[in-house]
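One structure below.
The values are calculated or read from the model by the stated rules, or taken from the named source; none is laboratory data. No experiment lies behind these values; they were computed from the predicted model shown. Here the Cβ positions follow ideal geometry from the backbone for every residue, glycine too, while neighbour counts run over all protein chains shown. Just so you know, the surface numbers come from the protein's heavy atoms only, side chains and all, with ligands and any DNA or RNA stripped out. Shrake-Rupley method; radii C 1.70, N 1.55, O 1.52, S 1.80 Å.
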Amino acid sequence: MSSGRCQALLVILCLLKLSAVTGQARYSIPEEQAEGSYVGNIARDLGLDVARLMSGKARIITKGNRQYVDLNRDKGTLVIKERIDREELCEKTTPCSFSFEVILENPIQLYRVTVEVIDINDNSPSFPKDEIYLKMVENAAVGTRFSLESADDPDVGINDIQKYTLKPTDHFILEVQNQPDGGSLVEMVLQTPLDREREETHTLVLVASDGGEPHRSGTVRIHITVLDANDNAPVCNQAVYKADVKENSPEGTVVTTVTANDADKGINGEVTYSIARTAKETKQLFEVNVKTGEIKVAGKLDYEKSKSYQLNVQASDHGGYTDTCKVIIQVIDENDNIPTIQLMSFSNSISEDSPPGTTIAVVNVDDEDSDVNGVVKCSINSDVPFKIESSLTGYYTIVTDNFLDRESISEYNITITVSDQGSPPLSSSKNINVKVSDINDSPPKFDEAEYSKTVPENNSPGFSVFTVSASDADWGQNARISYFLEEKDINGAPLSSLVSVNSENGVIHAVRSFDYEQMKSFEFNITARDAGSPPLSSVATVKIIVQDQNDNPPQVLYPVQTGGSMVAEMVPRSADVGYLVTKVVAVDVDSGQNAWLSYKLQKATDRALFEVGLQNGEIRTIRQVTDKDAVKQRLTVIVEDNGQPSRSATVVVNVAVADSFPEVLSEFTDFPHDKEYNDNLTFYLVLALAVVSFLFITCLVVIISVKIYRWRQSRVLYQSNLPVIPYYPPRYSDTLGTGTLQHVYNYEVCRTTDSRKSDCKFGRAGSQNVLIMDPSSTGTMQRIQNEKSILDEPDSPLEVSLFIHHRFSNFCSSREIMSFIINQPTIKWQLRAFVLVFFIGLTVCQIRYSV
């Protein structure tokens, strides 16, 4: 692949809607300029600034494999990239020029630039041969013409051959005739007769000169040999021959045949043919048979290079006479060139939100044939949402014809086909692949709009409930889905305390154990959100149904079971068969078959007397009650549910078979208490004994301490010589000077026939603000103040002991409790000891108070 084509394919354009601002620029430069020579300021001439050239990544696109001019984007100028030889580029064509396109991106803009190459005189005229040998008869008539090979100069115009000069001119003069094809017919004309006997050979010099600066010329030496007389010259049958030949005709194809006649006889009448005074390239394409004059194709004819050729076929006899036959050959165009497709600009990716009319590629098509063979038509396959439009001559743009959807079709294969109108038509095609880049236009979609899952209760925390799944038709980051819970409160608890979801895979986990009895089902929303920008999301509803497990035993509502009281159902002795004694009522907080209850009689004092309804729990007699039946009947009923495994509860039903309540009471007073109840009672009684004993000992210690302290204080004051200041406490009053009690002091004594149930209340002083001074008092102030402090102190040992005495006297005043403690046979020795110590303490307190 050519470097220019590779350069065009490597560039990926940022595709925007085509804004083809066409323009042209034309420059003229002389050939053979050095590399880097200035051509022109393309930015200024096209009305562009340098910044636009830089941002648009301006570059040159050429059709061939050679790029003569380069673009300097920094300066906006065109410079020579490769030496230009006009003769190599255009040969004899004038004017000589080449074209190329300047393409810019964002938006795409195409500009056509034509550079004309001006010829310089860098080539000298040259003849095909350095020496020409001619034979002439001595009796050649004056005015006889002799054709000469013309010189060739690759230059054109003034730099081409301008004149021929012949030296010397004693016998010959030179005549030059211009040909329609631009060549020259050079002939020598005899001016004076030749005389072999006087001069057998003549040497002439033919000079071809151009008009360039500096002047250049070429020479050829002509050697003439004078022969003996030959009266007639060959004559062409036609002055001009015309023939047509198809291009690409194989070598050896006969084009035409020229013929010439010579009136002489014998050897002087034999005519030979040769191609003379014809361009070198033409001689390489055709050949003539020396004897027959048949012209054949000797090389490859190309209509696109030359549409016609002119041959000068020289007919010569052995006497040196010649005649020239002009042959014009027209090349017929054949549809032999396949149209070509060149990608000038192409992007293999387009965003799916691109509007219709967005350009994805710019192509150039060309057919070197001419006329109808060179007329091309460009198209693309019809099964793609694209269309092709013509922008410039030979240029087509492929644009979107509709909106794209990557989720439907992610890529397109576009076939560009170009065909000419020749017969048969030739065509070529090129495939390009366009990928549709994704945008985040599709929200995630759940497999189901609503999910429902049953979870057994008592599940372990972290239990995987199930997995929600959503799909996204987008691609890449736009299709990466994360899952989130929509927070809400369920039965007063946040949703996050019940379930969690793995944001990556959508696995829903139970955060805690579910309890069917508290929550039978709950619903919440889960959001699937993609990672696009902006992100899109969708919501699905999830319903978790908690499945009941048999985790709750039946609960008996009736009869009520108490720890210490005795409840009994009475059945009269006259009860018939089927008499309803009572009904065991039980419930199970489970549901379904786990809550189906059945009742069975587990133990009974007399199984033959009672039965329990399996479904309703009714206890009925199954026979007639007799006098022999015991008054006290104890039934144990078991209640079972229908779960797997089943759970049960038992209830004890006491039944009294009697006709009157006193009979029942006398029988049931001897019912022993349960061992558990007796053990609990013993524990609390022992604890009460320990507390009372601790308080009693504490009171004794405090009383003894106070007595010792008072005794020591009195001894200290007695032995001292300080004056005695009488002082009476505020509550002390003695109107006669001999009283020892307070002025006002209230107390109440409640007596009963049983001294153990006596109650005593001590009141406060009626007046605490009376102070009476008695000089005859012999007590010291210190002692009196100590007494006052003890009496006034709310937590003094004396008042504490009185408080204890008061509280426990109230306790002892309850006849029922005391009788219960003394008369119960189940009371152990610890309780009896407690009662003894308790009353000893009360006695000590009373004695201390009276003292």
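Which residue is farthest from ASN139 (Cα to Cα), if the candidates are limited to region 305-327 and must be β-branched (Val, Ile, Thr) and open to solvent by less than 20 Å² (accessible area, probe 1.4 Å)?
Taking region 305-327 first, the residues β-branched (Val, Ile, Thr) are 313, 322, 324, 327.
Within this subset, residues satisfying the condition of being open to solvent by less than 20 Å² (accessible area, probe 1.4 Å) are 313, 327.
On the way: VAL313: 25, VAL327: 30 Å.
Only one residue tops the list, namely VAL327.
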Exercise. Could you tell me which numbered condition LYS603 fails, if it satisfies all but one of (1) in contact with an Asp or Glu (Cβ under 8 Å, 6 or more places away or on another chain); (2) modelled with pLDDT under 90; (3) open to solvent by 40 Å² or more (accessible area, probe 1.4 Å)?
Key: (1)
Quiz item: Is region 328-340 home to any residue that is open to solvent by 40 Å² or more (accessible area, probe 1.4 Å) and touching a helix residue (DSSP H, G or I) at 6+ places or on another chain (Cβ under 7 Å)?
Solution: no
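Tell me which residues, restricted to region 424-475, are of a type in the set (A, V, I, L, M) and open to solvent by 60 Å² or more (accessible area, probe 1.4 Å). Please lay out each step first, then the result.
Within region 424-475, the subset of a type in the set (A, V, I, L, M) is 426, 432, 434, 436, 439, 449, 455, 465, 468, 470, 473.
The one that is of a type in the set (A, V, I, L, M) and open to solvent by 60 Å² or more (accessible area, probe 1.4 Å): ALA449.
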Exercise. Go through region 607-631 and count every residue that is open to solvent by less than 50 Å² (accessible area, probe 1.4 Å), of a type outside the set (Gly, Ala, Ser) and either touching an Asp or Glu at 6+ places or on another chain (Cβ under 6 Å) or closer than 16 Å to THR582 by Cβ (or both).
Key: 8
Practice problem: Please work out if ASP420 is modelled with pLDDT under 90, more than 33 Å from the chain's Cα centre (by Cα), open to solvent by less than 40 Å² (accessible area, probe 1.4 Å) and among the charged types (D, E, K, R). | Solution: yes
Exercise. Answer yes if at least one residue in region 547-559 is surrounded by 18 or more Cβ atoms within 10 Å (Cβ to Cβ), more than 30 Å from SER648 (Cβ to Cβ) and in contact (Cβ under 8 Å) with a residue 40 or more places away in the chain, and no otherwise.
Key: no
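For region 151-167, give me each residue that is more than 18 Å from GLY212 (Cβ to Cβ) and either open to solvent by less than 60 Å² (accessible area, probe 1.4 Å) or polar (S, T, N, Q) (or both). Spell out the reasoning first.
First, pick out the residues of region 151-167 that are more than 18 Å from GLY212 (Cβ to Cβ): 166-167.
Of everything in region 151-167, just one residue is more than 18 Å from GLY212 (Cβ to Cβ) and either open to solvent by less than 60 Å² (accessible area, probe 1.4 Å) or polar (S, T, N, Q) (or both), namely LEU166.
Restricting attention to region 529-540, does a residue exist that is over 30 Å from VAL436 (Cβ atoms) and modelled with pLDDT of 90 or more? Working first, answer last.
Restricting attention to region 529-540, the residues satisfying the condition of being over 30 Å from VAL436 (Cβ atoms) are none.
So far as region 529-540 goes, no, none of its residues is over 30 Å from VAL436 (Cβ atoms) and modelled with pLDDT of 90 or more.
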Self-check item: Failed item, numbered, when GLU523 is tested on (1) assigned to a strand (DSSP E or B); (2) open to solvent by 50 Å² or more (accessible area, probe 1.4 Å); (3) modelled with pLDDT under 90
Solution: (3)
Quiz prompt | Unmet criterion (only one of (1) closer than 30 Å to ASP405 by Cβ; (2) touching a Phe, Trp or Tyr at 6+ places or on another chain (Cβ under 7 Å); (3) in contact (Cβ under 8 Å) with a residue 40 or more places away in the chain; (4) in a loop (DSSP other than H, G, I, E, B)) for ARG529 | solution = (4)
Exercise. Within region 571-592, identify whether any single residue is at pLDDT 85 or above, in contact with a Gly (Cβ under 9 Å, 6 or more places away or on another chain), over 24 Å from PHE466 (Cα atoms) and of a type in the set (Gly, Ala, Ser), and answer yes or no.
Key: yes
Self-check item: Selection from region 388-418 of residues that are assigned to a strand (DSSP E or B) and under 29 Å from VAL113 (Cβ atoms)
Solution: ILE388, GLU389, SER390, TYR395, TYR396, THR397, ILE398, VAL399, ILE416, VAL418
Self-check item: Options VAL220, VAL142, VAL176, VAL186; residue that is of a type in the set (A, V, I, L, M, F, W, C), in a strand (DSSP E or B) and open to solvent by 50 Å² or more (accessible area, probe 1.4 Å)
Solution: VAL176
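Can you confirm whether VAL384 is more than 30 Å from TRP475 (Cα to Cα) and hydrophobic (A, V, I, L, M, F, W, C)? Before you say what the answer is, go through the steps one by one.
Numbers: more than 30 Å from TRP475 (Cα to Cα): no; hydrophobic (A, V, I, L, M, F, W, C): yes.
Considered against the rule, which asks whether it is more than 30 Å from TRP475 (Cα to Cα) and hydrophobic (A, V, I, L, M, F, W, C), VAL384 comes out as no.
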Quiz prompt | Tabulated pairs, region 565-588, first in a strand (DSSP E or B), second at pLDDT 90 or above and open to solvent by 70 Å² or more (accessible area, probe 1.4 Å), C-beta under 8 angstrom, 6+ apart or interchain | solution = VAL571/TYR579; LEU580/ARG620; VAL581/ARG620
Quiz item: Of all residues in region 471-494, which are more than 16 Å from GLU523 (Cα to Cα) and either assigned to a loop (DSSP other than H, G, I, E, B) or touching a Leu at 6+ places or on another chain (Cβ under 9 Å) (or both)?
Solution: ASP472, ALA473, ASP474, TRP475, ASN478, ARG480
Quiz item: Here are some conditions: (1) in contact (Cβ under 8 Å) with a residue 60 or more places away in the chain; (2) over 30 Å from ILE329 (Cα atoms); (3) out of contact with any Ser or Thr (no Cβ under 8 Å at 6 or more places or on another chain). THR203 meets all but one. Which one does it not meet?
Solution: (1)
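Taking the options GLU504, GLU486, name whichever one is modelled with pLDDT under 95 and open to solvent by less than 80 Å² (accessible area, probe 1.4 Å).
Of the residues listed, the single one that is modelled with pLDDT under 95 and open to solvent by less than 80 Å² (accessible area, probe 1.4 Å) is GLU486.
Would you mention how many residues in region 343-357 are in contact with a Ser or Thr (Cβ under 9 Å, 6 or more places away or on another chain), open to solvent by less than 40 Å² (accessible area, probe 1.4 Å) and assigned to a strand (DSSP E or B)? Walk me through it before giving the result.
Initial filter on region 343-357 (in contact with a Ser or Thr (Cβ under 9 Å, 6 or more places away or on another chain)): 345, 347, 349-352, 354-357.
Next, from what is left, pick out any that are open to solvent by less than 40 Å² (accessible area, probe 1.4 Å): 345, 347, 350-352, 354, 357.
When the remaining residues are screened for being assigned to a strand (DSSP E or B), the result is 345, 350-351.
So the answer is 3.
Quickly run through region 98-122 and pick out the residues that are among the polar types (S, T, N, Q), open to solvent by 40 Å² or more (accessible area, probe 1.4 Å) and either in contact with a strand residue (DSSP E or B) (Cβ under 9 Å, 6 or more places away or on another chain) or at negative phi (or both). Steps first, answer last, please.
From region 98-122, those among the polar types (S, T, N, Q) are 99, 106, 109, 114, 121; that's our starting set.
From what's left, open to solvent by 40 Å² or more (accessible area, probe 1.4 Å): 99, 106.
Result: SER99, single match.
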Quiz item: Any idea how many residues of region 252-301 are on the phi < 0 side of the Ramachandran plot and assigned to a loop (DSSP other than H, G, I, E, B)?
Solution: 19
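Can you name the residue in region 123-139 that is open to solvent by 50 Å² or more (accessible area, probe 1.4 Å) and not acidic (Asp, Glu) and, of all such residues, is farthest from ASN65 (Cα to Cα)? Break it down stepwise before answering.
Filtering region 123-139 for residues open to solvent by 50 Å² or more (accessible area, probe 1.4 Å) gives 126, 128-131, 133, 135, 139.
Cutting the leftovers down to not acidic (Asp, Glu) gives us 126, 128-129, 133, 135, 139.
Working: SER126: 31, PRO128: 32, LYS129: 35, TYR133: 45, LYS135: 51, ASN139: 60 Å.
Step by step, filter region 123-139, then rank; the result is ASN139.
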Self-check item: Residues of region 249-274 classified as within 12 Å of GLY319 (Cα to Cα), touching a residue at least 40 places away in the same chain (Cβ under 8 Å) and out of contact with any Ser or Thr (no Cβ under 9 Å at 6 or more places or on another chain), total
Solution: 6
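For (1) within 60 Å of the chain's Cα centre (by Cα); (2) modelled with pLDDT under 85; (3) assigned to a strand (DSSP E or B), each residue gets a yes or a no:
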position: ILE638; (1), (2), (3): no, no, yes
position: PRO645; (1), (2), (3): yes, no, no
position: VAL652; (1), (2), (3): no, no, yes
position: HIS673; (1), (2), (3): no, yes, no
position: ASN678; (1), (2), (3): no, yes, no
Practice problem: Determine the pairs where a residue that is on the phi > 0 side of the Ramachandran plot and assigned to a strand (DSSP E or B), located within region 69-86, has a partner that is of a type in the set (Lys, Arg) and crowded, with 17+ Cβ neighbours inside 10 Å with Cβ atoms under 7 Å apart, the partner being 6 or more residues away or on another chain. | Solution: none
